[in-house]
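The values are calculated or read from the model by the stated rules, or taken from the named source; none is laboratory data. Keep in mind the model is a prediction, meaning the values are calculated, not measured. Backbone-built Cβ (ideal geometry, glycine too); neighbour counts: all protein chains shown.
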Amino acid sequence: MWRARQPARARAAQLRTDQSRDAAFLMPHALEDLFHPKGVAIIGQVNRAHSEAQLRAQHDSRYGADNWSLVNPKGRAIGALTIYASVRDVPGPLDLAVITAPAEACPQLLLECGARGVRFAVVFSSGFSEIGPEGAALERTLAAAARRAGVRVLGPNTNNNLLERIPDPPGWRGGRIGVVTQSGHNGRPIVQGTALGIAFRRQVPCGNECDLEVSDFIDYFASDPETAVIAGYIEGFRDGAKLRRALAAAIAARKPVVMLKIGSTRGGARMAHSHTGHLAGADAVVDGLFAQHAVTRVRDLDELLDTAALFAKLPPGTGARVALYSISGGSGTLMAECAELAGVAVPRLTPETVAQLREYLPGYLTVDNPVDNGAVFITSNPPEVRQKVLDLIAGDPNVDLLVVGITGALSPMTDQLASDLEALAARGTAKPIAVTWNSPKIDEAGYEAIVRSGWPLFRNFRNCFAAIRHWEVYHARLQSWRVRRAPRARVPAPARRAIEGAAGVLSPLAGRLPPRRHERRAHCVSPSHSSSPRPISRTRPMRGSWCWTSRARARRSARPGSCCAARAARTRTRTSTACSCSAWPVPAWSCSSESRAIRSSVPRSRWASAASSRRCSATSPCARSRSIGATRARCWPHCAVRGSCAARAGARAWICARSNA
């Protein structure tokens, strides 16, 4: 018989025992003191219009009574509260500093915190990378100061609800959800899900992430015994390797990760950068990473909350075959269609179950799934009979989950049905139950009873069946999970500088493969000669990413218009060439119009070397040694502009006449 899971605190000891094979899991996490600080310094603005009692009411619930101090350069006091002029003057231990000072003062304050022995800082202040290049430079200064001081920083451009206490809802059952967001305000409607009977561990707003980032807190929640599910509102990721490690830790702890990742559209990606300074990245890469690591991706805040709540309340191993129950045939029809559209299986009930249901429900009603009770059944039968019907449906071997749809609030029918569901939650059922309350009228006794029951509660059919489908896909991905070792790669310094200074949105064409064989024409632009695209004629189709020429066609391939660059024969004149095949202008050696021009532009010693070693020689580092027996020159991976290779007629050596500077 299925019962709602006990609160996570009661399962903590068993969880630790089950995972005792992982010594790291039993050790305190590196961020534990951030969430349980011994001493907090609130540095910056102080509302001196407030009384001592008001300030204590504001900060005691968040940081703990007598566990915080106020710091402001003006000093003085409010009642019995001393306002210290510097963090160095604060007595007692200090683990955390909450900084609300102007952005320009934050780096120096971090240095003072480090000298005082503060280990963590929450920088509430804004005015950093979200405002442009100047702010980004200040943010780098802030991060450098934090490293020198040995202080781990949350933010900047975040809020101070990290330690906000989130009360458990009355009658709460199931697991708690840990919330990590890159928008403090968008975390608010998630944790307000306590009104739906959902419990939360804590909310972590990351802000611009100059130091601590989303991955750090996913890893923390994965090790936290009181967190059952991890939910996130994400605009971008800083460190892919760290993210993979954090997601792997969540998989090892069997904690689902549900994410609303912004950036699938150009508008959303642009706003993400202006909001927190994050580059959204290629969306297809994000989807692939999430699929590999069993991350459930949702598309709005309602779906994020509903999906995470279902994951927190359903016991592990629950299947996704559903039985549908309602007080209206129309509601049952709509539920069946929504379930099928979501990809959720709605199997027929066994003949034995149908026969038993016929003892209580009239023959003119559908009872083989969906089950329609005809509404009158609710008002004309005692609770024992009504609950018996629910038990019969939940006990059918063809189904794993019972979904009860309440589309309209109509007392007393909906009140009595909700009362039955609350009673079943108290005594247990063969299978778990999910409930939808589709009416906007929530000031009903029935609605309050469903919230108290602790069953997963949804506000529409679409989110209900989408969450069930996500649950099924998550477990399928969990079964196929394997550790994937990322290849080691070193990013060249120029590329790293370009990436770090980048701003904006990646083009949808970024990362696309080169033209295929059937694509016979390309368009390039030479800024010095023309502003309109000019087709490149090719004697033969390109094969994959290879530049194509041959000895017999060398002269024809060098005709006007056949190269990406403007004609500049017989000279090694450097030009700036913009290609449609390249996302940016590249400096290149101009292409010769005749094979003898190519020969004259290369020192004679190189031709001799090429002939003697039977290797390809070139005037630039973009060409690498190739066997002279090759039928084509493969210069794509090393040359930003394609289509500029010619063959030396006599020596059969392939020469790349173009190069990256």
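Between Val451, Val483, Val435, the distinction of being loosely packed, with under 12 Cβ neighbours inside 10 Å and either within 18 Å of Ile198 (Cβ to Cβ) or touching a residue at least 12 places away in the same chain (Cβ under 8 Å) (or both) belongs to Val483 only.
Among the residues of the stretch 165-174, those that are surrounded by fewer than 23 Cβ atoms within 10 Å (Cβ to Cβ) and modelled with pLDDT of 90 or more comprise Ile166, Pro167, Asp168, Pro169.
If you check Ile251, Ile230 for being of a type in the set (A, V, I, L, M, F, W, C) and outside any helix (DSSP H, G or I), only one passes: Ile230. Just checking, does the stretch 303-316 include any residue being more than 22 Å from the chain's Cα centre (by Cα), at pLDDT 95 or above and assigned to a loop (DSSP other than H, G, I, E, B)? Yes, because at least one residue in the stretch 303-316 is more than 22 Å from the chain's Cα centre (by Cα), at pLDDT 95 or above and assigned to a loop (DSSP other than H, G, I, E, B).
Looking across the stretch 56-72, the residues that are at pLDDT 95 or above and farther than 21 Å from Ile166 by Cβ come down to Ser69, Leu70, Val71, Asn72. Can we say Gly92 is over 15 Å from Cys113 (Cα atoms), out of contact with any Cys (no Cβ under 8 Å at 6 or more places or on another chain) and not acidic (Asp, Glu)? Taking the combined requirement at face value, the residue does not satisfy it. Among the residues of the stretch 308-323, is any over 18 Å from Leu457 (Cβ atoms), basic (Lys, Arg), in contact (Cβ under 8 Å) with a residue 60 or more places away in the chain and in contact with a strand residue (DSSP E or B) (Cβ under 8 Å, 6 or more places away or on another chain)? The answer is yes; a qualifying residue exists. The residues of the stretch 325-364 that are in a loop (DSSP other than H, G, I, E, B) and either touching a residue at least 40 places away in the same chain (Cβ under 8 Å) or acidic (Asp, Glu) (or both), listed by number, are Ile327, Ser328, Gly343, Val344, Pro347, Arg348, Leu349, Thr350, Glu359.
Looking only at residues of the stretch 196-227 that are part of a helix (DSSP H, G or I) and hydroxyl-bearing (Ser, Thr, Tyr), we find that the one that is farthest from the chain's Cα centre (by Cα) is Ser223.
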